[in-house]
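Coordinate-derived values only; no laboratory data. All values derive from a computational prediction rather than experimental measurement. So basically every Cβ, Gly included, is an ideal-geometry build from the backbone, and we count neighbours across all protein chains shown.
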Amino acid sequence: MNVDDIETVAVLGAGNMGHGIAEVAALAGYDVRLRDINEELVEKGYDQLEWSVGKLEEKGQLTEEEAEAALDRVTTLVDVEETVSNTDVIIEVVPEKMDIKQDVYQEVEQYAPEEALFATNTSSLSITDLAEVTERPGQFCGMHFFNPPVRMQLVEVISGAHTDDETIETIEALAEAFGKTPVRVRKDSPGFIVNRILVPLMNEAAWLVEDDVATMAEVDSTTKFDMGLPMGSFELADQVGIDVGYHVLDYMHDVLGEAYAPCPLLESKVEAEELGKKTGKGFYDYEDGDGAEIP
Ligand code: 3HC
């Protein structure tokens, strides 16, 4: 399939990343079908998408007409058949568990048009293993966005062992049509490029606090002001979801070895369900404002 043939994009999963990816596709002019497992979740995702589009309008980055047109292009759905039939590209953004993702592909496979491309927003899992349960491993690749998708420029495009070159080229062109900059990941390896660098950084930051070497604020001020990153390591973990970083690390630990063992501080946050901005509390508290106070 050529990028010019793409008109309709299905986004499976309306969570933090799903609604952001749906927003990016709708802003780029595509008809978007945003799907989650029940009305409540998909409407919550749509509300967040609407909030984000409203922010862009408030800041003068979109006119009222452009904002309305983008929102009109998004349909919210629960039924899988309705979501994926007559769809050109299906972007999967469901929880980061191999079996959940593979169950979704098996269901989607029954209704998706034969020529439709499958892309997964997995943060680290093997593209080859994910594609295994589908009947179209050649039409399957990784398309990894960053949080928040509407603000982050990069998209990793990852080839599995059996991905066709044509699929990679079309998904790269789609990322460009979304206004993003694709980077090709040539080998299917845990964490790809960005998370292979970023998640160990978050883990080392956690070890510094765990080992009483520095406070959270001291670590964050160092990463933010001295290393020049836009957010401190703990702020960033709160932004992406501590659970997301933890699961990436856990997978890297399994596949790549002991150097990637998650710090207990991350584990304790996941167990306490203090996952960051999305739960109102993570390393910082978001109930009464923005949270992080960096010296
Ligand atoms: N949509 C619209 N507006 C948004 C928004 C969104 N999704 N998220 C935040 N905003 C708004 C805020 O509400 C705030 O609005 P206000 O001014 O009215 O209060 C405003 O944006 C803040 O924007 P600014 O440009 O003033 O702030 P920054 O310059 O700090 O930019 C940022 C924000 C782009 C998020 C920047 O801090 C940044 O780049 N952070 C790093 C993010 C990052 O590295 N992400 C990748 C993480 S790794 C990942 O996602 C992979 C995964 O697999 C783990």
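Here are some notes:
- Gaussian network model of the chain, springs between alpha carbon atoms under 10 Å - residue of Ile197, Ile158, Ile90 with greatest fluctuation: Ile197
- Applying 1/(1 + (r/R0)^6) with r as the Cβ-Cβ distance of Val213 and Glu273 and R0 = 30 angstrom yields a FRET efficiency of 0.65.
- Remark: for residue pairs Lys224/Lys269; Lys224/Lys278; Lys55/Lys97; Lys187/Lys269; Lys55/Lys281; Lys44/Lys281, the C-alpha separation exceeds 26 Å in Lys55/Lys97; Lys187/Lys269.
- Net lengthening on full extension, Ile100/His253 (0.36 nm per residue, minus Cα-Cα): 53.0 nm
- Gain in span if fully extended, Val133 to Glu176, counting 0.36 nm per residue against the direct Cα distance: 12.6 nm
- Counting only DSSP beta bridges with both residues in the range 3-185, the antiparallel share comes to about 15 percent.
- Normalised convex hull volume, the range 3-185, alpha-carbon set, Å³ per residue: 98
- GNM remark for the chain: springs join alpha carbons under 10 Å apart, and the peak mean-square fluctuation among Leu130, Leu256, Leu154 falls on Leu256.
- Two-site label geometry, Leu71 and Asp226: point separation in nm, points 7 Å out along Cα→Cβ: 4.6
- The chain: relative contact order in percent, alpha carbon pairs under 8 Å with at least 6 residues between: 14
- Inter-centroid distance (Cα atoms) of the range 221-268 relative to the range 130-199, Å: 21
- Helix-derived mean residue ellipticity, 222 nm - over the chain, DSSP H n ≥ 4, -39500 (n - 2.57), to 500: -13500 deg cm²/dmol
- Global geometry of the range 199-295, whether rounded, prolate or oblate, following the gyration tensor of its Cα atoms and the 1.5 cut on a/c: oblate
- Highest-fluctuation residue, Asp250, Asp165, Asp31 considered, GNM on the chain with Cα pairs under 10 Å: Asp165
- Spin-label pair Val3-Arg184: with each label point 7 Å from Cα along the Cα-Cβ axis, the two points sit 1.3 nm from one another.
- Gain in span if fully extended, Gln110 to Trp51, counting 0.36 nm per residue against the direct Cα distance: 17.8 nm
- Spacing of the two label points (7 Å from each Cα toward its C-beta) at Glu169 and Ile197, in nm: 2.8
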